[in-house]
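*Asks:* Provided herewith is a single structure, encoded as structure tokens, for subsequent inquiry.
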Amino acid sequence: MTTRTSATRYARALLDVLLKESSVDQGARDLVQVSALLEQFPELPRAFTNPAIPAARKHALIKELLPKLALSVPVGKLLLMLADRDRLVLLPDLITVFQERYEELQQIVRAEVITAEPMTADRLSILQQRLAGATGRTVKITTRVDPSIIGGMKAQIGSTVYDGSIATQLETFRQTLESAV
């Protein structure tokens, strides 16, 4: 079983518990806090994944961190359980999967927009509103600049790509001309 598969099971279980017993929003915030802690202190993930460190010491480390982090009870219990089972290696994937499931629950969809030049805040806001109208969901946009598209934009929402770039239009026009000859 892959780590992603195992992490998915734990993330689903945590989401189920949070839906029944606690606040899903608080659980999501807690996992963001844990993720930030792991990024801020890179020695923590190394310790969590080191097979030479016994599970009991990992459990003690988590138990010492919990009061300082003030996490919700379900998230704290999950961290302790992962430490007991020496499965803290799953934490990064678990956080990613949980965030994906949380966004689905909140009707949030992610979009990547590629433009030839940086977008202004006004233009980005208008695009976000249009994409929200088209998808019926809240849209979180990440932008990227790629001068090779010449102009226009490409937007990807999930597996759907909307390509209105000038480079693609020129390529389509070139293919049309070649096929007409």
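The values are calculated or read from the model by the stated rules, or taken from the named source; none is laboratory data. Quantities reported herein were computed from a predicted structural model and do not represent experimental measurements. Ideal geometry is used to build each Cβ from the backbone, glycine not excepted, and the neighbour counts take in all protein chains shown.
*Asks:* Just checking, which of Arg144, Arg130 is loosely packed, with under 14 Cβ neighbours inside 10 Å, at pLDDT 95 or above and out of contact with any Pro (no Cβ under 6 Å at 6 or more places or on another chain)?
*Replies:* Numbers: Arg130 fails: at pLDDT 95 or above.
Every option except Arg144 fails the conditions.
*Asks:* Sticking with this structure for a sec: Mind telling me which of the residues Leu82, Leu94 ends up being closer than 21 Å to Thr2 by Cβ, surrounded by 14 or more Cβ atoms within 10 Å (Cβ to Cβ) and touching a Ser or Thr at 6+ places or on another chain (Cβ under 9 Å)?
*Replies:* Leu94
*Asks:* Looking at the structure I just gave you, is Glu178 modelled with pLDDT under 95, within 19 Å of the chain's Cα centre (by Cα) and not β-branched (Val, Ile, Thr)? Break it down stepwise before answering.
*Replies:* Details: modelled with pLDDT under 95: yes; within 19 Å of the chain's Cα centre (by Cα): no; not β-branched (Val, Ile, Thr): yes.
It is false that Glu178 is modelled with pLDDT under 95, within 19 Å of the chain's Cα centre (by Cα) and not β-branched (Val, Ile, Thr).
*Asks:* Test Val34 against the stated conditions and say whether it is more than 30 Å from Lys154 (Cβ to Cβ) and touching a residue at least 12 places away in the same chain (Cβ under 8 Å). Quick ask: steps written out before the conclusion?
*Replies:* Working: more than 30 Å from Lys154 (Cβ to Cβ): yes; touching a residue at least 12 places away in the same chain (Cβ under 8 Å): yes.
Here the answer is yes, as Val34 does meet what is asked.
*Asks:* Quick check on Val89: is it in contact (Cβ under 8 Å) with a residue 24 or more places away in the chain, touching a Ser or Thr at 6+ places or on another chain (Cβ under 8 Å), within 30 Å of Val34 (Cα to Cα) and among the β-branched types (Val, Ile, Thr)? Quick ask: steps written out before the conclusion?
*Replies:* On the way: in contact (Cβ under 8 Å) with a residue 24 or more places away in the chain: yes; touching a Ser or Thr at 6+ places or on another chain (Cβ under 8 Å): yes; within 30 Å of Val34 (Cα to Cα): yes; among the β-branched types (Val, Ile, Thr): yes.
Criteria met by Val89.
*Asks:* Follow-up. Name the single residue that is modelled with the lowest pLDDT among those in segment 56-79 being of a type in the set (Gly, Ala, Ser) and surrounded by 15 or more Cβ atoms within 10 Å (Cβ to Cβ).
*Replies:* Taking segment 56-79 as the starting set, the residues that turn out to be of a type in the set (Gly, Ala, Ser) are 56, 60, 70, 72, 76.
Checking which are surrounded by 15 or more Cβ atoms within 10 Å (Cβ to Cβ) leaves us with 72, 76.
Working: Ser72: 92, Gly76: 95.
Per the criteria, the residue is Ser72.
*Asks:* Which of the residues that make up segment 95-135 are in a loop (DSSP other than H, G, I, E, B) and either assigned by TED's automatic domain parsing to the domain that holds Glu39 or touching a residue at least 12 places away in the same chain (Cβ under 8 Å) (or both)? Quick ask: steps written out before the conclusion?
*Replies:* Applying the first criterion (in a loop (DSSP other than H, G, I, E, B)) to segment 95-135 yields 106-107, 116-120.
If the condition is that a residue be in a loop (DSSP other than H, G, I, E, B) and either assigned by TED's automatic domain parsing to the domain that holds Glu39 or touching a residue at least 12 places away in the same chain (Cβ under 8 Å) (or both), then Gln106, Gln107, Ala116, Glu117, Pro118, Met119 are the ones that fit.
*Asks:* Can you report the number of residues in segment 149-166 which are touching a residue at least 24 places away in the same chain (Cβ under 8 Å) and either under 22 Å from Glu104 (Cα atoms) or polar (S, T, N, Q) (or both)?
*Replies:* Summing the residues that are touching a residue at least 24 places away in the same chain (Cβ under 8 Å) and either under 22 Å from Glu104 (Cα atoms) or polar (S, T, N, Q) (or both) in segment 149-166 gives 5.
*Asks:* Which one of these is part of a helix (DSSP H, G or I), under 23 Å from Glu104 (Cα atoms) and of a type in the set (A, V, I, L, M): Leu44, Leu14, Leu71? If you could, list the steps in order and put the result at the bottom.
*Replies:* On the way: Leu44 fails: under 23 Å from Glu104 (Cα atoms); Leu71 fails: part of a helix (DSSP H, G or I).
Of the residues listed, the single one that is part of a helix (DSSP H, G or I), under 23 Å from Glu104 (Cα atoms) and of a type in the set (A, V, I, L, M) is Leu14.
*Asks:* Does segment 25-40 include one or more residues that are outside any helix (DSSP H, G or I) and either in contact with a helix residue (DSSP H, G or I) (Cβ under 6 Å, 6 or more places away or on another chain) or surrounded by fewer than 14 Cβ atoms within 10 Å (Cβ to Cβ) (or both)? Outline the logic, then answer.
*Replies:* We begin by selecting, within segment 25-40, every residue outside any helix (DSSP H, G or I); these are none.
The answer is no; no qualifying residue exists.
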